[in-house]
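Engineer: Structure provided below as structure tokens; questions to follow.
The values are calculated or read from the model by the stated rules, or taken from the named source; none is laboratory data. Just so it is clear, the model here is predicted, and its values are computed rather than measured. Quick reminder, even Gly has a Cβ in these numbers, built from the backbone with ideal geometry, and neighbours come from all protein chains shown. We work out accessible area using only protein heavy atoms, side chains counted, and drop any ligands, DNA or RNA first. Shrake-Rupley method; radii C 1.70, N 1.55, O 1.52, S 1.80 Å.
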Amino acid sequence: QPILEFKDLSISYTPGKNAVEKVNATINENTITAIMGPSGCGKSTLLRAINRMHELYPNIKISGEILLKNNNILSIDPILVRRKIGMVFQRPNPFPNMSIFENVLAGYGLNGIKLKKSQKKEIVEENLRNVGLWEEVKDSVNKKGTFLSGGQQQRLCIARALALKPEVLLMDEPTSALDPISTNRIEELILDLKKDYTILVVTHNMSQAARISDNSMFMYLGELVEYDSTRQMFTKP
Ligand code: ADP
Ligand code: ADP
């Protein structure tokens with residue numbers, strides 16, 4: 001079942017030079033797609049467009065379509081888009097002034113949704129459980145998120161991204177700042193989340209792509225040069 005489609009998507013920061021060049025692709029529900037390619041090939045630009053973060057860049061031009069369940073993301077209210085698209089970054093970035101509890105709920109604040117106290121507790125526990133962090137932090141949810149280890153902070157950021165129940169989860173090199181053990185846990189978590197979410201993950205790590213992804217995209221100079229099942233891609237002669 002297709003959930004996300006790129007149609008002739010082109011993005012440029014400066015006139016005459018496309019950072020993303022005529023990308024066409026369809027992504028199915030409950031799949032993990034690895035996005036690979038050399039630095040500067042357009043991976044982050046592509047991810048940013050999916051949750052309308054490209055709009056933070058003043059001269060950026062975008063053409064084509066990004067369809068989320070057949071609705072063009074580029075013509076919907078960005079607040080609604082960001083509610084449906086979760087994002088996790090390379091460096092774990094819990095809000096430093098917020099507790100673990102408040103971090104999980106941060107998306108609700110940013111999106112102006114009001115919650116009752118009991119709802120808040122429920123959402124925090126459910127999402128911390130989903131990322132395997134609840135047992136570790138349940139007695140210290142009022143401590144700052146930044147007090148956790150790197151791997152725990154990244155799981156907290158994933159919980160924060162999932163708390164709004166997005167349709168799609170975007171991850172930009174989510175393990176490249178982590179140690180091998182934390183990386184392993186995050187990879188297992190990503191695989192586990194596939195049953196409920198569609199995940200796009202930018203990675204420089206080919207063996208990670210082979211371990212966790214169903215499909216692999218290779219970008220080069222803004223173009224999507226290869227897109228196939230990961231198994232096909234990694235066993236091609
Ligand atoms: P990445 O780790 O994704 O390769 P980079 O180190 O290339 O990121 O870039 C870091 C930041 O600088 C990003 O936010 C990116 O948008 C910005 N950036 C990259 N290239 C340029 C450029 N030519 N002009 C201005 N900003 C850039
Ligand atoms: P990747 O994530 O694959 O490293 P990016 O999407 O960051 O690639 O960059 C794609 C192209 O867009 C590169 O040529 C980069 O220099 C350029 N670029 C990225 N961010 C900016 C920016 N803020 N201003 C100008 N050019 C940028």
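Engineer: Magnitude of the Cβ-charge dipole of region 13-169, K/R +1 and D/E -1, about the Cα centre, nearest 20 debye?
Structural biologist: On the way: 23 positive and 13 negative charges, 64 e Å.
Computed charge dipole of region 13-169: roughly 300 debye.
Engineer: May I ask you to rank Y220, Y57 by accessible area, largest first, using a 1.4 Å probe over the protein chains only?
Structural biologist: On the way: Y220 125, Y57 85 Å².
So, going from the largest accessible area down, we get Y220, Y57.
Engineer: Which of K117/K195; K43/K143; K121/K195 have a Cα-Cα distance over 27 Å?
Structural biologist: Working: K117/K195 29 Å; K43/K143 35 Å; K121/K195 24 Å.
Long pairs (Cα-Cα over 27 Å): K117/K195; K43/K143.
Engineer: Sticking with this structure for a sec: Per residue and in cubic angstrom, what volume does the convex hull of the Cα atoms of the chain have?
Structural biologist: On the way: hull volume 30.1 nm³, N = 237.
Hull volume normalised by residue count: 127 Å³.
Engineer: Tally Lys/Arg at +1 and Asp/Glu at -1 over every other residue whose Cβ is under 11 Å from the Cβ of F234; what's the total?
Structural biologist: Numbers: positive: R211, R231, K236; negative: D228.
Taking every other residue near F234 into account, the sum is +2.
Engineer: Would you work out which of P237, V20, N215 lies farthest towards the positive end of the dipole of the chain? Charges go on Cβ: Lys and Arg +1, Asp and Glu -1.
Structural biologist: Result: V20, furthest along the dipole toward the positive end.
Engineer: Measuring with a 1.4 Å probe in the full set of protein chains, what accessible area per residue, in whole Å², belongs to the chain?
Structural biologist: On the way: 11860 Å² over 237 residues.
With the other protein chains kept in place, the chain gives 50 Å² per residue.
Engineer: Tell me what the chain gives for mean residue ellipticity at 222 nm when only DSSP H runs of n ≥ 4 count, each as -39,500 (n - 2.57), the sum divided by the residue total, rounded to 500 deg cm²/dmol. All intermediate terms of the calculation are to be shown ahead of the outcome.
Structural biologist: Numbers: 10 runs with 83 residues, N = 237.
Here the helix-only value at 222 nm equals -9500 deg cm²/dmol.
Engineer: Report, to the nearest whole %, how much of the accessible area of region 101-237 belongs to carbon and sulfur atoms, 1.4 Å probe, protein only. The partial results should precede the final answer.
Structural biologist: Details: 3500 of 6980 Å².
Answer for region 101-237: carbon and sulfur cover 50 percent of the accessible area.
Engineer: Just to confirm the filter: which GluC sites (Glu not before Pro) across region 176-224 are DSSP coil and have at most 13 other Cβ within 10 angstrom of their Cβ? Don't jump to the answer; show the numbers that get you there.
Structural biologist: Values: sites: E187, E188, E223; in loops: none.
Loop-located and lightly packed - none at all.
Engineer: Right, here's the next one. Quote to one decimal, in nm, the extra length available between I76 and K17 on full extension: 0.36 nm per residue of separation minus the C-alpha distance between them. Intermediate results must be reported in sequence, preceding the final value.
Structural biologist: Numbers: separation 59, 0.36 × 59 = 21.24 nm, distance 2.61 nm.
Taking I76 through K17 to full extension adds about 18.6 nm, to one decimal.
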